[in-house]
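Heads up: the structure comes next, in structure tokens.
The values are calculated or read from the model by the stated rules, or taken from the named source; none is laboratory data. Everything numeric here is computed off the predicted structure, so don't read it as measured data. With ideal geometry, Cβ positions are generated from the backbone for all residues, glycine too; neighbour counts draw on all protein chains shown. Surface accessibility is based on the protein's heavy atoms, side chains included, excluding ligands, DNA and RNA. Shrake-Rupley method; radii C 1.70, N 1.55, O 1.52, S 1.80 Å.
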Amino acid sequence: MLMGTAERREAPKDGGTAESTAPSVPEESDRGIPVAGPDAPACERPARPKQSYPREAREQQSANRPLWAEEPARRRRLPDPVRTAAVRAVLVVAVTLIMAMVAFLCTLAGSWLAFPMVIGSVTGTVVATWGVLDVWVTRQVWNQRHGVVSMPSSTARAMRRERRRARRQARSAERAQERIRRRGGAGQLSHS
């Protein structure tokens, strides 16, 4: 026997049966949804998926399944200084385009605001050009300093060499301190 929402609310929690004053027709039939149950005709009964594992395992599997699958990015993320310059350039270009559109519309309308907007658009064009060039220059500088550029003029190799040398010295100093600690300072007056 199927229970409607009202019947479920009145049903006791301990699993016993209770008399209900709610109608015995399930709510699904009111909405045009086919009724599933032993009394429903075979053509209206929804098809059950054929699976060999119990219902609890299916529910647990669907609860553990992620909503989406992480895919690796096609391109690496831009370095922070380059990304900052790119965002700045996009904002300046957007503002310049808006000013140019307002200048055009003000010119058509014969408004006094047309002249200041034209001057602002020209200035914005100069600044937008600088912004786009700034992105390119920042990218080149970042690649020169941090990227693996196979050119003799690249400073990346020298910086890497210095970092490696500093790491090697730190490791050898740490090993020396460890040796002193293991020996217990035998024959030495003090440690620093």
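What the table shows:
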{"item": "Among residues of segment 99-112, those that are exposed (fewer than 14 other Cβ atoms within 10 Å of the Cβ) and hydrophobic (A, V, I, L, M, F, W, C), counted", "result": "5"}
{"item": "Residues satisfying the stated conditions in segment 65-98, i.e. assigned to a loop (DSSP other than H, G, I, E, B), within 27 Å of residue 131 (Cα to Cα) and open to solvent by 70 Å² or more (accessible area, probe 1.4 Å)", "result": "73, 74, 75, 76, 77, 78"}
{"item": "Complete set of residues in segment 156-192 that are at pLDDT below 85, loosely packed, with under 12 Cβ neighbours inside 10 Å and closer than 27 Å to residue 84 by Cα", "result": "158"}
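For every residue, the table says whether it meets (1) aromatic (Phe, Trp, Tyr); (2) closer than 30 Å to residue 143 by Cβ; (3) modelled with pLDDT of 80 or more.
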site	(1), (2), (3)
26	no, no, no
37	no, no, no
52	no, no, no
65	no, no, no
88	no, yes, yes
96	no, yes, yes
99	no, no, yes
111	no, no, yes
114	no, no, yes
